[in-house]
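**Q** One structure coming up, written as C-alpha cells, with questions to follow.
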Amino acid sequence: MTHAGPASLTLLPGSEQPSWPALHDLAFLLAAEAGALAGRLSSRTAIAVGDLVRGMNCYYSNLIEGHDTLPVDIERAMRADLATEPRRRDLQIEAVAHIAVQAAIDGGALDELATPSVLAVEIHRQFYERLPESLRFVEERETGRRIKVWPGKLRIDHVRVGRHVAPSPEDLTGWLARLDEGVPERFGRAERPVIIAALHHRLLWIHPFADGNGRTARLLSHALLRRTEVGSALWSVSRGLARHVEAYKSYLGRADAPPQGALDGRGVLSDGRLADFCRFFMAACLDQVRFMRTLLSPEALSDRVREFVAAEAAGNRLDARLAPLLERAILFGEVPRAEVPFLVGTSDRQARRLLQPLMARGLLTGAKDAPLRIAFPLGETERLFPHLWAPSSVESAIAQLLEIEEALRLPQRQ
C-alpha cells in the first residue's frame, strides 16, 4: 500500500466537521479544570504526589502494552531491589526507565526540544537506552524474525499494525516534518488540547520506531500537555487511556481510515474519525483530572489519613497519636521536627520512637535536623489514595463521554 505525500496528512479535524464546536468546548473545559488542579496542594505535597503519579503513569502505560508490573515491584525497582527471575527483573528495569524519562519531562529537562518529532525521538532514545538488551527487540508476527530496536533511531523495516500499513521507512522523515507543523504553541489556547490529541494518533499512524511507539506517544502527549500548561505531574494520561484500553485501541484504529465520503476532509485520513479520537482522548484526560481533583481534596485527604492511621493502629503497625502529624505533613508538605512532640502529645524522646514506623515505611523522610517531609511510596497508597490502581474495565469510555456531552449539552456525532 502506498500513501499520498505528507502534505495530505491533516493535523486538526476540519472546522466544517459537525463536532468541531464540541471539541473546542471540551478542550476549554479540560484546560480550565486542569489549571485549577495545581492550586489544591502545597508545593511539597505536590512534589510527593508527582512522584506517585509517575509510578502510576508507568504502570498503566506499560499495562496497555501487556507488561503487567505490580506497583510493589515498581517500588522495589526504584530502590534497586530487583527480582532474580529474568523476565520479572527486566520489566522492573523497564518501569524504572519509564519513570526516569517522565521525571526528566516533569523537571523541564526536555523543554528545549521544540518540535514534536524531535521530542519523540529523544523520549524514545532515553527510554530505550535504559532498557535491558532482552527488551530491545521486537518479533515480527508473520515471520517470527527478531528486529533490533535502536534507541532514538527510526525504523528501517516496513511494518503492518493490524490492518494499518505504516508509511515506508524511506519516507519517515517527510511524514515527521509534517507532524512538526503541529507544534501546539502555534495554535490558539482552545485548540491546543485538540492538536495534542491529534498528534497522538498521527505519531502512532506514522509508526516511526521499530517498537515503543505507544509509550513514546503517551509520554509525548504528557510532555506537550505539560508544556501548554494543561497537563501537570498531578495526573496521568495513561491511566485514563488504560482504564478504557479497548475503546482507546478502537478509536485509534478507526482514525486510520481514509475519508468516509466527500464531506470527510481532503486529506489521506478521515477528518471525522480523527475528531472522534480527539474527543475520546480529551474526555479520558478530563476524567483523570476530575478523579485526581476528588482524590486530592484537602478535606477528603484529611479524612483518609485519619482512617488510615486508625486502621494501622488497630493492627499495631502505627500509634493512633500519629494522625495529627501525618495529616499536617500531607496538607502542608512538611513538619518542623520541633513541632512533632506537640502534635503527638508526647515527650521528644517518645515522639522519635513513634516516628520510626512512618520513617521506615517511607511515608515521612528527612535528615536528622531537617523538617519531616511527606512521601507516598507506591506500596502505601491503597488506603490513602483508593482506586488509584483500579482495573481497566471500571467503566465504559463511551458512557463517560456521553455523560460529559450531556452535561455540556454538546452535539453528538452521528
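Read the figures in this text as sums done on the coordinates, not as results from a lab. Here the structure is a predicted model, which means the values were calculated and not measured. Note that we place each Cβ from the backbone using ideal geometry, even for glycine, and neighbour counts take in every protein chain shown.
**Q** For the range 155-165, what are the residues that are under 28 Å from the mean Cα position of the chain (by Cα), within 13 Å of residue 210 (Cα to Cα) and in a loop (DSSP other than H, G, I, E, B)?
**A** Pass one, the range 155-165, residues under 28 Å from the mean Cα position of the chain (by Cα): 155, 159-165.
Applying the additional criterion that residues be within 13 Å of residue 210 (Cα to Cα) yields 155, 159-161.
Residues satisfying the conditions are 155, 159.
Each row is one residue, and each column tells you yes or no for (1) in a loop (DSSP other than H, G, I, E, B); (2) more than 20 Å from residue 66 (Cα to Cα); (3) among the small types (Gly, Ala, Ser).
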{"site": "128", "(1), (2), (3)": "no, no, no"}
{"site": "138", "(1), (2), (3)": "no, no, no"}
{"site": "143", "(1), (2), (3)": "yes, yes, no"}
{"site": "147", "(1), (2), (3)": "no, no, no"}
{"site": "150", "(1), (2), (3)": "yes, yes, no"}
{"site": "153", "(1), (2), (3)": "yes, yes, no"}
{"site": "167", "(1), (2), (3)": "yes, yes, no"}
{"site": "176", "(1), (2), (3)": "no, yes, no"}
{"site": "179", "(1), (2), (3)": "no, yes, no"}
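**Q** Please identify the pairs in which a residue from the range 111-140 that is within 18 Å of residue 231 (Cβ to Cβ) has its Cβ atom under 6 Å from the Cβ atom of a residue that is polar (S, T, N, Q) and part of a helix (DSSP H, G or I), counting only partners at least 6 apart or on another chain.
**A** Here the result reads 120/216; 123/216, each pair linking the range 111-140 to a residue that is polar (S, T, N, Q) and part of a helix (DSSP H, G or I).
**Q** Got a number for residues in the range 123-182 being of a type in the set (Phe, Trp, Tyr), buried (at least 17 other Cβ atoms within 10 Å of the Cβ) and within 20 Å of residue 110 (Cβ to Cβ)? Write out each step before concluding.
**A** As a first pass, look at the range 123-182 and keep what is of a type in the set (Phe, Trp, Tyr): 127-128, 137, 150, 175.
Then drop every residue that is not buried (at least 17 other Cβ atoms within 10 Å of the Cβ), which leaves 127-128, 175.
If we keep only those that are within 20 Å of residue 110 (Cβ to Cβ) too, we end up with 127-128.
Number of matching residues: 2.
**Q** Tally up the residues in the range 21-49 that are of a type outside the set (A, V, I, L, M, F, W, C) and either without any contact (Cβ under 8 Å) to a residue 24 or more places away in the chain or touching a Ser or Thr at 6+ places or on another chain (Cβ under 8 Å) (or both), please. Full working, then the answer.
**A** Within the range 21-49, the subset of a type outside the set (A, V, I, L, M, F, W, C) is 21, 24-25, 33, 35, 39-40, 42-45.
If we keep only those that are either without any contact (Cβ under 8 Å) to a residue 24 or more places away in the chain or touching a Ser or Thr at 6+ places or on another chain (Cβ under 8 Å) (or both) too, we end up with 39-40.
Summing the residues that are of a type outside the set (A, V, I, L, M, F, W, C) and either without any contact (Cβ under 8 Å) to a residue 24 or more places away in the chain or touching a Ser or Thr at 6+ places or on another chain (Cβ under 8 Å) (or both) in the range 21-49 gives 2.
**Q** Moving on to the next point. So is residue 283 more than 21 Å from residue 179 (Cβ to Cβ), of a type in the set (A, V, I, L, M) and buried (at least 21 other Cβ atoms within 10 Å of the Cβ) or not? Explain how you work it out, then say what you get.
**A** Working: more than 21 Å from residue 179 (Cβ to Cβ): yes; of a type in the set (A, V, I, L, M): yes; buried (at least 21 other Cβ atoms within 10 Å of the Cβ): yes.
Spelling it out, residue 283 is indeed more than 21 Å from residue 179 (Cβ to Cβ), of a type in the set (A, V, I, L, M) and buried (at least 21 other Cβ atoms within 10 Å of the Cβ).
**Q** Filtering the range 66-81 down to residues that are aliphatic (A, V, I, L, M) and touching a Gly at 6+ places or on another chain (Cβ under 7 Å), which residue is nearest to residue 54 (Cα to Cα)? Working first, answer last.
**A** Initially, the range 66-81 is screened for residues aliphatic (A, V, I, L, M), giving 70, 72, 74, 77-78, 80.
If we keep only those that are touching a Gly at 6+ places or on another chain (Cβ under 7 Å) too, we end up with 72, 74.
On the way: 72: 14, 74: 11 Å.
Per the criteria, the residue is 74.
**Q** Okay, moving on. Restricting attention to the range 73-91, does a residue exist that is surrounded by 21 or more Cβ atoms within 10 Å (Cβ to Cβ) and within 16 Å of the chain's Cα centre (by Cα)?
**A** yes
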